[in-house]
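The values are calculated or read from the model by the stated rules, or taken from the named source; none is laboratory data. Predicted, not measured: the structure shown is a model, and the values here were computed from it. Note that we place each Cβ from the backbone using ideal geometry, even for glycine, and neighbour counts take in every protein chain shown. Keep in mind that these areas ignore ligands, DNA and RNA; they rest on the heavy atoms of the full protein, side chains included. Shrake-Rupley method; radii C 1.70, N 1.55, O 1.52, S 1.80 Å.
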Amino acid sequence: MKFALRHKNTVPLLTSLLAPMMLAACAVTKVDPPAPVVATAQFQESGAWQQGNAAATPVPDNWWTLFKDPVLDELERRLVIDNQNLKVSAAQVANARAALEASRSAMYPSLSAGLSASRDASPTATTSANASNPSNSMSLTANASWEVDLWGRLSQASAGAQSTLQASMADLASARLSAQATLAQSYFSMRTIDAQLSLSDRSIQAYERSLSLTQARYEGGVAGRTDVLQAQTQLKSAQAQRADLTAQRAVLAHAIAVLVGTQPAELTISHDASLPVAPVVPAMLPSNLLERRPDIAAAQRRVASAYAQIGVADAAYFPSLSLSASAGYRGTSLGQLISAPHFLWSLGSSLTQSIFDSGQRKLASAQARASAEQLTASYRQVVLTALQEVEDNLILNAQLQQEAQLQSEALQAAQRNLEITLDQYRAGTVSYLNVVVAQASAFSSESSLLSVRNRQLAAISQLLKNVAGRWDA
């Protein structure tokens, strides 16, 4: 139902009556979001890590530079510039910023101007009814309109757009951190495979020497045919494993190429069997660790935006007030158009209230509340997942260092056992099966050590990413 008032005195009257209501508009339909999730004061797996001031952590924003690998540094530099997913997120930020400006502009009056000219014919008193004299009609007008934000609908829409923009900016920061961490871990995995390929080459050479030795002993009548077959089995298995490692490295190289925004055929990363040295992680966990994570910030701002949409939906229950004004000139000739006798103006206001809408407003309000509850639960899940990630990497970082030391000692023992077993086999005191077991144990121990070091690098990179995850919002 629409009530329209058109009189030059109605606007001042309505303005004086509705001014107090306009001042309190935002409080009418505004619904405050729930309080942010507060993390526990201490992590369960913190160990030597302690809560501390964020300024006490000497981790740079470019945390991957602590690994002191120039190839990784260059790949990370290219990722920030050319990664296509980051460009998508940047475009989403620009889109959200434009939406915010559009919502803000809706709170201000709009002004339009128009110029029209027409020529028509109408009957005159001195002519017959079928005759007519043509006449000209010209007008120059300006129109202004303004929807008064009486119940906070426009202000809540603007607040929601502001929160959406902040969420998009946090999404961009989160996507950047995630891509940087993924690139670092992919690079570490590639270097691990390079080291395993080097190990595989050495094992193949050792198995070839063992095969030559067993064949010579078989031809000399001091070894059985089974020794030769076992040596051949070892050699072929090692060669097959090397082929699989080669394929894995190629897949990782392709993934890294896509991360840095180039075609796989255009990126070549040379083989390097040495793994980066694991840096020393800071002994202080920042007290605002979770607050620094952009994925949590993005989820929280989406909750704020959803609650702002509740205010927008609830504002539909109240009438909307629009003010309008127009002024211009209307005449029969262009030369005399802009003159006082041809000037005209009007002021008006309209108050519109929906009386029957088949429950549309109620459904829209219920939908907005359900969406807010959904995003609130998603936000809390993001916080829980973040806490789990920190706890996981804390325990991994603490235990993998010890595991690497123990695995290194196991490797030394396995290599010494292999040397003794080979000497015994050459002396004919043990069978070749003992050599097979000793060689498999030695190479397996070295491969396990490489895997542990790779996991250690991944855990440290995750911790450094969380500690150094600064971002601008």
(message) Looking at the structure I just gave you, is S189 more than 15 Å from R249 (Cα to Cα) and either surrounded by fewer than 20 Cβ atoms within 10 Å (Cβ to Cβ) or of a type in the set (S, T, N, Q) (or both)?
(response) no
(request) Please work out which residue is farthest from V222 (Cα to Cα), limiting yourself to segment 429-442 and to residues that are open to solvent by 50 Å² or more (accessible area, probe 1.4 Å) and not aliphatic (A, V, I, L, M). (result) S441
(message) All but one of (1) within 30 Å of K465 (Cβ to Cβ); (2) assigned to a loop (DSSP other than H, G, I, E, B); (3) acidic (D, E) hold for D295; state the number of the condition that does not hold.
(response) (2)
(message) Could you go through segment 16-25 and let me know if any residue there is touching an Asp or Glu at 6+ places or on another chain (Cβ under 8 Å) and modelled with pLDDT under 90.
(response) yes
(request) Quickly run through segment 318-349 and pick out the residues that are loosely packed, with under 15 Cβ neighbours inside 10 Å and in a helix (DSSP H, G or I). (result) A340, P341
(message) Contact list please: Cβ distance under 9 Å, first residue in segment 329-345 and of a type in the set (A, V, I, L, M, F, W, C), second residue in a loop (DSSP other than H, G, I, E, B) and open to solvent by 50 Å² or more (accessible area, probe 1.4 Å), pairs at least six apart or on different chains.
(response) W345/K8
(request) Look at Q353 and say whether it is touching a residue at least 24 places away in the same chain (Cβ under 8 Å), within 20 Å of T29 (Cβ to Cβ) and in contact with a strand residue (DSSP E or B) (Cβ under 9 Å, 6 or more places away or on another chain). (result) yes
(message) Go through (1) over 30 Å from Y425 (Cα atoms); (2) not in a helix (DSSP H, G or I) for G221 and report which single condition fails.
(response) (1)
(message) Take the residues in segment 84-109 that are outside any helix (DSSP H, G or I) and open to solvent by 60 Å² or more (accessible area, probe 1.4 Å); name whichever of them is farthest from L154 (Cα to Cα).
(response) P109
(request) Scan (1) hydrophobic (A, V, I, L, M, F, W, C); (2) in a helix (DSSP H, G or I); (3) touching a residue at least 60 places away in the same chain (Cβ under 8 Å); (4) in contact with a strand residue (DSSP E or B) (Cβ under 9 Å, 6 or more places away or on another chain) for the single condition W146 breaks and write down its number. (result) (2)
(request) Specify the residue that is most open to solvent (accessible area, probe 1.4 Å); the eligible residues are those in segment 356-395 that are outside any helix (DSSP H, G or I) and not charged (D, E, K, R). (result) F356
(request) Return a yes/no flag: does segment 182-197 have any residue that is more than 14 Å from L75 (Cβ to Cβ), of a type in the set (D, E, K, R) and in a helix (DSSP H, G or I). (result) yes
(message) For segment 205-238: of the residues being aliphatic (A, V, I, L, M) and touching a residue at least 24 places away in the same chain (Cβ under 8 Å), which is surrounded by the most Cβ atoms within 10 Å (Cβ to Cβ)?
(response) A231
(message) So, in segment 150-181, how many residues would count as being in contact with a strand residue (DSSP E or B) (Cβ under 9 Å, 6 or more places away or on another chain) and not hydrophobic (A, V, I, L, M, F, W, C)?
(response) 1
(request) Would you mind stating whether A398 is closer than 24 Å to S445 by Cα, surrounded by 14 or more Cβ atoms within 10 Å (Cβ to Cβ), in contact (Cβ under 8 Å) with a residue 12 or more places away in the chain and touching a Gly at 6+ places or on another chain (Cβ under 6 Å)? (result) yes
(request) State all residues of segment 133-173 that are within 16 Å of the chain's Cα centre (by Cα) and open to solvent by 30 Å² or more (accessible area, probe 1.4 Å); if no residue qualifies, say none. (result) T164, Q166, M169, D171, L172
(request) Would you check which residues across segment 271-284 are out of contact with any helix residue (DSSP H, G or I) (no Cβ under 6 Å at 6 or more places or on another chain) and either open to solvent by less than 60 Å² (accessible area, probe 1.4 Å) or free of Cβ contacts under 8 Å to residues at least 12 places away in the same chain (or both) and list them? (result) V280, P282
(request) Taking the residues in segment 239-264 that are touching a residue at least 24 places away in the same chain (Cβ under 8 Å) and either outside any helix (DSSP H, G or I) or touching a Phe, Trp or Tyr at 6+ places or on another chain (Cβ under 9 Å) (or both) as candidates, determine which candidate is surrounded by the most Cβ atoms within 10 Å (Cβ to Cβ). (result) I256
(message) Checking the condition in contact with a helix residue (DSSP H, G or I) (Cβ under 6 Å, 6 or more places away or on another chain), without any contact (Cβ under 8 Å) to a residue 24 or more places away in the chain and not hydroxyl-bearing (S, T, Y), which residue from V430, V452, V435 passes?
(response) V430
(message) Anything in segment 113-145 that is under 25 Å from S324 (Cα atoms) and either of a type outside the set (A, V, I, L, M, F, W, C) or modelled with pLDDT under 70 (or both)? List them, or say none.
(response) G114, S116, S137, S139, T141, N143, S145
(request) Please find, within segment 345-400, the residue that is nearest to the chain's Cα centre (by Cα) out of those that are β-branched (V, I, T) and within 27 Å of I310 (Cα to Cα). (result) V382
